[in-house]
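Read-outs: derived from the displayed coordinates by stated rules, not from any lab. None of the values given here were measured: they were computed from a predicted structure. Neighbour counts run over all protein chains shown; Cβ positions are idealised from the backbone, glycine included.
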Amino acid sequence: MTDWKLAYQANCWGMLGGDAVGVTSITQLTYRTLGDMDRAFAGIAAAGYEGVEVFDGNLLERTAPEFRRLLDDYGLSLVAVYSGANFIFDDILPEELDRITRAADRAAELGAPHLVVGGGAKRFDGTRDADFHKLGAALDRVTALARSRGMTAHYHPHLSTIVEGPAEVARIFELTEIDFCPDTAHLAAAGGDPAELIRSHSDRISYVHLKGLQRDPFAFTPLDRGDVPTGPIIDALHDTAFDGWICTELDAWDDPEEGARLSRAFLKEAAGV
């Protein structure tokens, strides 16, 4: 039996969107799940999860007391807020960090232990060597702002950014002190072995995103329903003595409540949690 604590991302309960004003005002360019957060939290709690992760836009669209009531209504803890940025463009970095700071302030006020960021823009004419250094320096600033609020900051390698597969993962974590939030499906889709990456970077991992992957046609799936077995990933977490929150997510599923239940049932059977 493990002492892991389980959370779920609320992103499956609606399409991924953002604040349109962010097209012209970067400081407002948040992620947002375009769905009913009351329904999402009810489904997450009913499936047996203790915590929830949300996008920065969903966190900031309510006041702190309103969001606290939502958590209390369903007996959930806010575990993390997820934000993203380009991070490599000097002129807009202060605007991006202002947005991440506002999200971190709200998350800290609500007692969340984790701040997760993704990003590192791909340029139209190709990635430059300096982009990795700019990204690393920006992530160190995110680390500092999270630490000053009693939170741990994590970088989430993601498809469509300059850090996707194992080589880029190894490179960026030589350039920043931020923790590594492995998303098992994104890492596998980029050609990585999630279990091996967890073993190789275990000293930087204190928060994890679990989800399944179907390669053809490309889709994310509930745990162990796709082409990437979750068992070896669970073994790697056990073997590296991981102790903390694990957040399962499923970016899209016709019945989001069903998706949450399927992954929760798998974790109960496979990990005894």
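Report whether or not ASP239 is more than 19 Å from the chain's Cα centre (by Cα) and not polar (S, T, N, Q).
yes
Could you grab the pairs with beta carbons closer than 7 Å, sequence gap of 6+ or different chains, first residue in region 176-205 and touching a residue at least 12 places away in the same chain (Cβ under 8 Å) and under 22 Å from LYS134 (Cα atoms), second one polar (S, T, N, Q) and surrounded by fewer than 22 Cβ atoms within 10 Å (Cβ to Cβ)?
GLU177/THR143; ILE178/THR143; ASP179/THR152; ASP179/SER206
Only strands (runs of 3 or more DSSP E) wholly contained in region 67-169 count here; list those with 3 or more residues that are touching a Leu at 6+ places or on another chain (Cβ under 8 Å) and within 20 Å of LYS5 (Cα to Cα).
Once the strands (runs of 3 or more DSSP E) in region 67-169 are filtered for at least 3 residues that are touching a Leu at 6+ places or on another chain (Cβ under 8 Å) and within 20 Å of LYS5 (Cα to Cα), what remains is 77-85, 152-155.
Considering only residues that are over 14 Å from the mean Cα position of the chain (by Cα) and of a type outside the set (A, V, I, L, M, F, W, C), look in region 165-185 and name the one that is surrounded by the most Cβ atoms within 10 Å (Cβ to Cβ).
Restricting to residues being over 14 Å from the mean Cα position of the chain (by Cα) and of a type outside the set (A, V, I, L, M, F, W, C), the top hit is THR176.
The rows are residues; the columns are (1) touching a Phe, Trp or Tyr at 6+ places or on another chain (Cβ under 8 Å); (2) under 19 Å from TYR82 (Cβ atoms).
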residue: VAL208; (1), (2): yes, yes
residue: ARG215; (1), (2): no, no
residue: PHE218; (1), (2): no, no
residue: ASP224; (1), (2): yes, no
residue: ASP239; (1), (2): no, no
residue: CYS247; (1), (2): yes, yes
residue: ASP255; (1), (2): no, no
residue: ALA260; (1), (2): yes, yes
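Just for region 51-66: of the residues that are in contact (Cβ under 8 Å) with a residue 12 or more places away in the chain and in a helix (DSSP H, G or I), which one is farthest from PRO94 (Cα to Cα)?
ALA64
Name the single residue that is surrounded by the most Cβ atoms within 10 Å (Cβ to Cβ) among those in region 1-56 being of a type in the set (Phe, Trp, Tyr) and within 15 Å of LEU76 (Cβ to Cβ).
Among them, the one singled out is TYR8.
Looking at the structure I just gave you, is GLY48 within 20 Å of the chain's Cα centre (by Cα), of a type outside the set (Lys, Arg) and in a loop (DSSP other than H, G, I, E, B)?
Judged against the criteria, GLY48 is a match.
Identify, please: which residue in region 1-40 is among the hydrophobic types (A, V, I, L, M, F, W, C) and assigned to a loop (DSSP other than H, G, I, E, B) and is, among those, nearest to SER83 (Cα to Cα)?
LEU29
Taking region 89-101 as the region of interest, how many residues are more than 14 Å from ARG147 (Cα to Cα) and either under 17 Å from the mean Cα position of the chain (by Cα) or in contact (Cβ under 8 Å) with a residue 12 or more places away in the chain (or both)?
Residues in region 89-101 being more than 14 Å from ARG147 (Cα to Cα) and either under 17 Å from the mean Cα position of the chain (by Cα) or in contact (Cβ under 8 Å) with a residue 12 or more places away in the chain (or both): 9 in total.
Can you find a residue in region 23-43 that is in contact with a Ser or Thr (Cβ under 7 Å, 6 or more places away or on another chain) and over 22 Å from SER160 (Cα atoms)?
no
Just the residues that are closer than 21 Å to ILE233 by Cβ and assigned to a loop (DSSP other than H, G, I, E, B), please, taken from region 170-184.
PHE173, CYS181, PRO182
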